[in-house]
Amino acid sequence: MYLSRPAEYALRAATYLAHCDPSTRVTGRDLAKAVNIPPAFLAKIMRRLSESGIVNAQKGHNGGFLLARSPAQVRFIDILQAVDFEPSADHCLFGLGNCDSQNPCPLHKEWSTLKGQIEEWATFHTLDDSLQG
């Protein structure tokens, strides 16, 4: 199981901002370099995080990004949902189009369990947790 590229990049960028001075904006260029994300891709991710109220974005001189809320108030699920990432139990790892709980493939039960674990982790953990360890 892996996260989509937008989901991974969004988590990277938000986590980096959580570790920065909360009163100092980070430029897009500096953020892209620090978290190794192509600048054009980062711009799309940050726009979504801004629209979701996770980051505060300012253009122009002295512009850049900072978290819009404290790290303790930003759950990982908020970040994932901002970039439309939802692990889907109905996505069939076997490639069967009609895989669901009524007509499961051989991996459906395990995939559903993993999806639940990801959702639980993302719902109950915040950016603040990344500051603790």
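The values are calculated or read from the model by the stated rules, or taken from the named source; none is laboratory data. Predicted model, so just to flag it, every value in this text is computed and none were measured. Cβ placement follows ideal geometry from the backbone for every residue including glycine, while neighbour counts extend to all protein chains displayed. Heavy atoms of the whole protein, side chains included, go into the accessibility calculation; ligands, DNA and RNA do not. Shrake-Rupley method; radii C 1.70, N 1.55, O 1.52, S 1.80 Å.
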Which condition does K33 not pass, out of (1) surrounded by fewer than 14 Cβ atoms within 10 Å (Cβ to Cβ); (2) within 26 Å of T123 (Cβ to Cβ), if it passes all the others?
(2)
Residue check: is F76 at pLDDT 95 or above, hydrophobic (A, V, I, L, M, F, W, C), surrounded by fewer than 16 Cβ atoms within 10 Å (Cβ to Cβ) and within 19 Å of L3 (Cα to Cα)?
no
Quick check: anything in segment 26-33 in contact with a Phe, Trp or Tyr (Cβ under 9 Å, 6 or more places away or on another chain) and modelled with pLDDT under 95?
no
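Listed here are the residues, each with its yes/no results for (1) closer than 21 Å to L3 by Cα; (2) touching a Ser or Thr at 6+ places or on another chain (Cβ under 8 Å).
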site	(1), (2)
P39	yes, no
G60	no, no
A82	yes, yes
S112	yes, yes
F124	yes, no
Restricting segment 1-20 to residues that are open to solvent by 80 Å² or more (accessible area, probe 1.4 Å) and modelled with pLDDT under 95, the one farthest from R48 (Cα to Cα) turns out to be M1
Residues to consider are L114, L131; find the one that is more than 14 Å from the chain's Cα centre (by Cα), closer than 21 Å to G53 by Cα and modelled with pLDDT of 80 or more.
L131
All but one of (1) surrounded by 12 or more Cβ atoms within 10 Å (Cβ to Cβ); (2) in contact (Cβ under 8 Å) with a residue 12 or more places away in the chain; (3) not small (G, A, S) hold for N62; state the number of the condition that does not hold.
(1)
Scan segment 36-58 residue by residue and report those that are open to solvent by 60 Å² or more (accessible area, probe 1.4 Å) and on the phi > 0 side of the Ramachandran plot.
N36
Count of segment 1-25 residues which are farther than 27 Å from L114 by Cβ and in contact with a Phe, Trp or Tyr (Cβ under 8 Å, 6 or more places away or on another chain)
2
By residue number, the members of segment 105-120 that are of a type outside the set (A, V, I, L, M) and open to solvent by less than 100 Å² (accessible area, probe 1.4 Å) are C105, P106, H108, W111, S112, T113, K115, G116, E119
